[in-house]
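Notes follow once the structure below has been shown.
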Amino acid sequence: MRITVQILMLSLLSLGLCAQTHSNEETLRIDLSGIEEIGLYNHRGDIKVIGSNTDQAVLKYTRKLKSASRKKLDEAKSEIKLVSEKDNGKLRIFHEAPDLKFKVDADGRGHYRSPNWNDWNDRYQVSFEFDIVLEIPTAMNLEVSNHHSGLEVKGVTGEIVAHNHHKDLSVENAGAHVQAESHHGDVTVSHTVNPNQDSNYETHHGDIRVSYQAGLNVEAKLHTHHGSFYTDFDWDYRPLQVSQTATGKGTKYKIGEDTVVRIGKGGPTLDFHTHHGSIYLLRD
């Protein structure tokens with residue numbers, strides 16, 4: 001009898017530890033009157049932003065929740081949600097969740113802040129992700145960021161600021177101005193118009209591949225520790241940059257670590273920075 005009771009208790013315990021899941025889909029249409037820039041911020045789950053001939057934002061998302069606790073899962077259904085707000089000509093779309101707070105810096109850029117990323121799911125016993133597809137007007141300015149999952153932008157020709165951390169970042173058929181940054185993933189960008197102002201492309205562990213149109217006229221600043229530089233364009237080395245700082249003992253000179261090349265007639269500075277990867281400047 002004692003063995004039977006123990007087996008029964010273990011069986012009930014196993015059932016209690018089984019993951020409880022919930023998934024739902026929703027499509028929202030958002031009026032963009034007076035909006036000059038859209039910000040989309042996700043923590044976990046794929047993002048795809050598509051530029052199209054539309055005058056509104058069409059937001060399609062799938063929310064996925066998982067917990068070992070049915071009670072926690074039921075609480076999460078109301079506590080973890082995707083919301084939007086309009087502020088001084090900018091539409092921000094982000095998710096709300098306990099202890100994972102969305103913040104806007106003084107420069108207007110948004111991000112999430114948590115006391116401790118590593119034990120968030122342990123303390124709240126809920127994991128979540130939002131898979132998001134956002135359709136916006138082609139010429140709209142865009143800030144988009146993701147942390148754990150893939151990020152893809154296609155056909156947006158306004159100014160783009162794109163950040164990703166763990167996965168690849170792809171910006172296809174962009175306009176002239178792109179700031180693209182990852183950490184663990186590759187950064188791939190294609191321009192339909194050559195840059196007319198300074199831009200930067202950055203990752204730590206991945207490669208950087210950027211495609212331009214013929215007639216490119218820029219200064220390219222290249223920094224990689226373990227990779228190489230490849231390009232389809234003719235180029236010339238530029239002198240190493242030297243900075244100087246006055247000290248109590250005289251003037252301190254520092255020689256720049258970046259390789260700088262001129263493509264075409266020169267122009268805006270394109271900053272490429274990776275640690276473990278290679279850099280590719282390609283002709284589309």
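With the requirement that a residue be farther than 10 Å from Val126 by Cβ and in contact (Cβ under 8 Å) with a residue 24 or more places away in the chain, what does the stretch 58-76 give you?
Val58, Leu59, Lys60, Tyr61, Thr62, Arg63, Lys64, Arg70
Condition check: within 18 Å of Gly266 (Cα to Cα) and either touching a residue at least 24 places away in the same chain (Cβ under 8 Å) or not small (Gly, Ala, Ser) (or both). Does Thr157 satisfy that? Steps first, please.
Working: within 18 Å of Gly266 (Cα to Cα): no; either touching a residue at least 24 places away in the same chain (Cβ under 8 Å) or not small (Gly, Ala, Ser) (or both): yes.
When the stated conditions are applied, Thr157 does not pass them.
Of everything in the stretch 45-74, what is hydroxyl-bearing (Ser, Thr, Tyr), at pLDDT 90 or above and more than 22 Å from the chain's Cα centre (by Cα)? Give them in sequence order.
Listed by number, the residues that qualify are Thr54, Ser67.
Within the stretch 43-57, identify whether any single residue is free of Cβ contacts under 8 Å to residues at least 24 places away in the same chain and surrounded by fewer than 19 Cβ atoms within 10 Å (Cβ to Cβ), and answer yes or no. Walk me through how you get there before you give the answer.
Here is the first cut: in the stretch 43-57, the residues free of Cβ contacts under 8 Å to residues at least 24 places away in the same chain are none.
So far as the stretch 43-57 goes, no, none of its residues is free of Cβ contacts under 8 Å to residues at least 24 places away in the same chain and surrounded by fewer than 19 Cβ atoms within 10 Å (Cβ to Cβ).
Does Asn200 fit the bill of being over 30 Å from His148 (Cβ atoms), modelled with pLDDT of 95 or more and in contact with a strand residue (DSSP E or B) (Cβ under 6 Å, 6 or more places away or on another chain)?
Details: over 30 Å from His148 (Cβ atoms): no; modelled with pLDDT of 95 or more: yes; in contact with a strand residue (DSSP E or B) (Cβ under 6 Å, 6 or more places away or on another chain): yes.
No.
Out of the residues in the stretch 58-80 meeting the condition of being among the polar types (S, T, N, Q) and closer than 21 Å to Glu26 by Cβ, tell me which one is surrounded by the fewest Cβ atoms within 10 Å (Cβ to Cβ). Talk me through it step by step, then tell me what you get.
From the stretch 58-80, those among the polar types (S, T, N, Q) are 62, 67, 69, 78; that's our starting set.
Keeping just the survivors that are closer than 21 Å to Glu26 by Cβ gives 62, 67, 78.
Numbers: Thr62: 15, Ser67: 21, Ser78: 7.
Here the answer is Ser78.
Any residue in the stretch 167-183 that is in contact with a strand residue (DSSP E or B) (Cβ under 8 Å, 6 or more places away or on another chain) and at pLDDT below 95?
Of all residues in the stretch 167-183, those in contact with a strand residue (DSSP E or B) (Cβ under 8 Å, 6 or more places away or on another chain) come to 167-182.
In the following step, the residues that additionally are at pLDDT below 95 were identified as 167.
Looking through the stretch 167-183, at least one residue is in contact with a strand residue (DSSP E or B) (Cβ under 8 Å, 6 or more places away or on another chain) and at pLDDT below 95.
Go through the stretch 169-186 and give me each residue that's crowded, with 20+ Cβ neighbours inside 10 Å and assigned to a strand (DSSP E or B).
Matches in the stretch 169-186: Leu169, Ser170, Val171, Ala174, Val178, Ala180.
Kindly state which strands (runs of 3 or more DSSP E) lie completely within the stretch 98-147 and contain at least 2 residues that are modelled with pLDDT of 95 or more and acidic (Asp, Glu). Let's see the steps before the verdict.
Numbers: elements: 101-104, 110-113, 127-137, 141-145.
Fully inside the stretch 98-147 and qualifying: 127-137.
If you check Leu270 against the conditions, is it of a type in the set (A, V, I, L, M) and modelled with pLDDT under 95? Full working, then the answer.
Values: of a type in the set (A, V, I, L, M): yes; modelled with pLDDT under 95: no.
No: the conditions fail for Leu270.
Looking at the stretch 81-98 only, could you name the residues that are within 25 Å of Ser23 (Cα to Cα), surrounded by 11 or more Cβ atoms within 10 Å (Cβ to Cβ) and under 21 Å from the mean Cα position of the chain (by Cα)?
Here is the first cut: in the stretch 81-98, the residues within 25 Å of Ser23 (Cα to Cα) are 81-85, 92-98.
Pick out the ones that are also surrounded by 11 or more Cβ atoms within 10 Å (Cβ to Cβ) and you get 81-82, 84-85, 92-98.
Within the stretch 81-98, Lys81, Leu82, Ser84, Glu85, Arg92, Ile93, Phe94, His95, Glu96, Ala97 qualify.
Looking at Ile50, Ile80, which one is farther than 22 Å from Val153 by Cα and among the aliphatic types (A, V, I, L, M)? Working first, answer last.
Working: Ile50 fails: farther than 22 Å from Val153 by Cα.
Of the residues listed, the single one that is farther than 22 Å from Val153 by Cα and among the aliphatic types (A, V, I, L, M) is Ile80.
Being part of a loop (DSSP other than H, G, I, E, B) and of a type outside the set (Gly, Ala, Ser) is the filter here, so list the residues in the stretch 206-236 that pass it. Before you say what the answer is, go through the steps one by one.
Taking the stretch 206-236 and keeping what is part of a loop (DSSP other than H, G, I, E, B), we get 206-207, 213-217, 224-228, 232-234.
Selection gives Asp207, Gln213, Leu216, Asn217, Thr224, His225, His226, Asp232, Phe233, Asp234.
Any chance you could count how many residues in the stretch 152-168 are out of contact with any Lys or Arg (no Cβ under 7 Å at 6 or more places or on another chain), within 22 Å of Val58 (Cβ to Cβ) and in a strand (DSSP E or B)? Before you say what the answer is, go through the steps one by one.
Step one: list which residues in the stretch 152-168 are out of contact with any Lys or Arg (no Cβ under 7 Å at 6 or more places or on another chain), which gives 153-168.
In the following step, the residues that additionally are within 22 Å of Val58 (Cβ to Cβ) were identified as 153-162.
Within this subset, residues satisfying the condition of being in a strand (DSSP E or B) are 153-154, 160-162.
The number of residues fulfilling the criteria is 5.
Mind telling me which of the residues Val156, Val189 ends up being farther than 20 Å from Leu281 by Cα, crowded, with 17+ Cβ neighbours inside 10 Å and among the β-branched types (Val, Ile, Thr)?
Numbers: Val189 fails: farther than 20 Å from Leu281 by Cα.
On inspection, the qualifying residue turns out to be Val156.
The values are calculated or read from the model by the stated rules, or taken from the named source; none is laboratory data. Bear in mind that the values here come from a model prediction, so they are computed numbers and not experimental data. Reconstructed Cβ throughout: ideal geometry from the backbone, glycine too, with neighbour counts over all protein chains shown.
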